[in-house]
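Student: Shown below is the structure under consideration.
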Amino acid sequence: MQIASYVIYELLIRLQELDPMVGNYITNKKTDNGILLRTSTGHLAIPDDILLRQFTDATIISQHEIEDLLNHFILDAA
């Protein structure tokens, strides 16, 4: 599945609203199950289903799912 960059940026904004330490967008890489998002402070795997829902209707992504993504965010060593 190809995904437009703005979908990733919009999802990142939602993550940053809950935790600014997520950092700013650096790059992303397609994986078998979604994308690997790299930010200025770390990285995070985002599954295709969340990306697709962010694209089609972001309101159907629950706050719990956003928080779950944050729980899997990995800070890079300084």
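Student: Given the rule -39500 (n - 2.57) for each run of at least 4 DSSP H residues, summed and divided by the residues of the chain, what is its mean residue ellipticity at 222 nm, to the nearest 500 deg cm²/dmol? Each step should come with its number before you reach the end.
Tutor: On the way: 3 runs with 33 residues, N = 78.
Taking each H run of at least 4 residues, the total per residue is -13000 deg cm²/dmol.
Student: Give the peptides 8-20, 35-47 in descending order of average Cβ contacts within 10 Å, highest first. Intermediate results must be reported in sequence, preceding the final value.
Tutor: Numbers: 8-20: 15.3, 35-47: 17.6.
The densest-packed peptide leads the list: 35-47, 8-20.
Student: Pop out the ³J(HN,Hα) list for the range 15-26 in order, Karplus 6.51 cos²θ - 1.76 cosθ + 1.60 with θ = phi - 60°, rounded to Hz; leave Gly and Pro as x.
Tutor: Karplus values, whole Hz, x for Gly and Pro: 5, 5, 4, 8, 8, x, 5, 4, x, 9, 4, 10.
Student: Using a/c under 1.5 as the rounded threshold, could you call the range 8-52 rounded, prolate or oblate? The axes a ≥ b ≥ c are square roots of the C-alpha gyration tensor eigenvalues, and prolate needs a/b larger than b/c, oblate otherwise. List each step's numbers first, then the result.
Tutor: Numbers: a/c = 2.33, a/b = 1.45, b/c = 1.60.
In terms of gyration-tensor shape, oblate.
Student: In the set [x] 0.97; [y] 1.03; [z] 0.92, which value of Rg/Rh (Cα atoms, Kirkwood Rh) was calculated from the structure you see?
Tutor: Only one listed value fits the structure, namely [z].
The numbers here are math on the coordinates, done by the rules we state, and not lab data. If you're wondering where the values come from, they're calculated on a predicted model, not measured in any experiment. Glycine also receives a Cβ, built like all others from the backbone with ideal geometry; neighbour counts cover every protein chain displayed.
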